[in-house]
Amino acid sequence: MPRKIIIDTDPGQDDAVAILLALASPELEVLALTAVAGNVPLPLTQKNARTIVQLAGHQTPVYAGCDAPLKRTLVTAEYVHGKTGLDGIPLPDPTHPLQDQHAVDYLIDTLRAHPAGTITLCPLGPLTNIATAFQRAPDIIPRVAEIVLMGGGCFEGGNITPAAEFNIYVDPEAADIVFKSGVPLVVMPLDVTHKALTSRAWVEEMRALGTPVGQAVASWTDFFERFDTAKYGSEGAPLHDPCVIAYLLEPALFTGRHINVEIETGSELTLGMTVADWWRVSGREPNAMFMGGVDRDGFYRLLTERLGRL
Ligand code: RIB
Ligand code: CA
């Protein structure tokens, strides 16, 4: 029985690879993509989500959600992902339609309609849609089987400020709601994703697939690598969001600890920091399986095998 998931996303080239990995994997049933403002504004993230579904030759419904954080002005990342959010390869405008229903209403209705504990939420961007759904319909919170998200950092620090990772930083109040919700949480922070670096060899493996998907993944990686390799001086770039889907497929690729993680929402200096109690010194209740390590070669082997199926 495939695991039912909803991917909440702000594509973003790395979101795109995560979505393709999920669509290529029969162990997962992707009920829908819910788009949120993040890497680029909502009109682009919803359009990119539709483009990615169409590239995969699937019919997965796409819903547009929140266009701004709960309380703050939207911060975007065109400097990483380009003006369209999917720079690297020109793709035709999607004909795959956008659903009329708001993503937050879709999340609420779907979690109410399915048996409790049967849907996993996979947020790959700011947590605004998830938090809004939880605020508007608290009854759905215990119905969520698990949340597996990309966000935060511990020993790796931050990537948009010294203290904060982008997804959490954009909407720290939303992250606070999700991390305090009591839903079983698996967190893929920069501590993991900075070990999941692309390589020239892997990008050329993608290009050598000789498929539209392989070409797109290679071109997207070439594009977004330029920023990270300049910043970190590494050969490759961190493929953040696919770590979420890879965990669902092969959890043994990852190692981590069940610890307490809280979100800074007050201090401007450390706003959006995931205060991860890795050494369990706070005495605060553990609320998240916070990942720290990944089998990088196993991760890329899985990616290559699955993307080769599309
Ligand atoms: O900090 C990395 C995260 O921010 C990734 O999800 C990337 O797509 C952006 O959303
Ligand atoms: Ca993302």
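Values quoted throughout were computed directly from the atomic coordinates according to the rules given, and no laboratory measurement underlies them. Only a predicted model underlies this, so the values are computations on that prediction, with no experimental measurement involved. Counting neighbours? That spans all protein chains shown, and the Cβs are built from the backbone with ideal geometry, glycine included.
Here is the tail figure for region 141-297: Cα pairs spaced more than 21 Å apart come to 49 percent of all pairs. Using a cut-off of 10 Å between beta-carbons, work out the net charge of the residues near Y169 (Lys and Arg +1, Asp and Glu -1, Y169 not included). Surrounding charge for Y169 is -2.
Region 126-147 and region 98-114 have Cα centres spaced 11 Å apart. Across the chain, the relative contact order, built from alpha-carbon pairs under 8 Å that are at least six residues apart, equals 19 percent.
I'd like the Kirkwood hydrodynamic radius of the chain, using the inverse of the mean 1/r over distinct C-alpha pairs, in Å.
Hydrodynamic radius (Kirkwood, Cα only) of the chain equals 18.9 Å.
If you bin all the Cα-Cα distances of region 212-310 at 10 Å, starting from zero, the percentages per bin are 13, 31, 34, 18, 4, 0. Measuring how big region 29-170 is from its alpha-carbon positions, Rg and Dmax come out at 15.5, 43 Å. As a proxy for reagent exposure, R207, R112 were ordered by neighbouring Cβ count within 10 angstrom, fewest first; the result is R112, R207. Shown here is the pair-distance distribution of region 1-92: with all Cα-Cα distances grouped in 10 Å bins from zero up to the longest one, the shares run 18, 50, 26, 6, 0 percent. Highest GNM mean-square fluctuation among I177, I52, I19, for the chain modelled with Cα contacts below 10 Å: I177. Considering only alpha-carbon pairs that sit under 8 angstrom and 6 or more positions apart, the relative contact order computed for region 1-95 is 32 percent. With only the Cα atoms considered, region 117-228 has a convex hull volume of 128 Å³ per residue. The three principal axes of the Cα atoms in region 98-167 give end-to-end lengths of 41, 26, 20 Å, sorted in falling order. Percentage of Cα-Cα pair distances in region 232-275 greater than 15 Å, rounded to whole percent? The share of Cα pairs beyond 15 Å in region 232-275 comes to 67 percent. Taking 0.36 nm per residue of separation and subtracting the Cα-Cα distance, full extension of the segment from T84 to R226 would add 49.5 nm. Lys and Arg at +1, Asp and Glu at -1: add these up for the other residues within a Cβ distance under 10 Å of G152 and post the number. Summing Lys/Arg as +1 and Asp/Glu as -1 gives -3.
Most simply put, the chain has about 30% antiparallel DSSP beta bridges, counting only bridges with both residues inside it. A simple spin-label model places the labels of R3 and I160 2.7 nm from each other, with each point 7 Å out along Cα-to-Cβ. What FRET efficiency would be calculated for the residue pair T211, K180, taking the C-beta separation as r and a Förster radius of 41 Å, to the nearest 0.05? About 0.45, to the nearest 0.05.
If I take every Cα pair under 8 Å that is 6 or more residues apart in region 49-133, average their sequence separation and divide by the length, what percent do I get for the relative contact order?
Rounded, it is 42 percent for region 49-133.
Find how many whole Å separate the alpha carbon centroid of region 177-205 from the alpha carbon centroid of region 214-259. Cα centroid to Cα centroid, the span is 7 Å. With Cα atoms as the point set, region 24-66 shows a radius of gyration and Dmax of 10.8, 31 Å.
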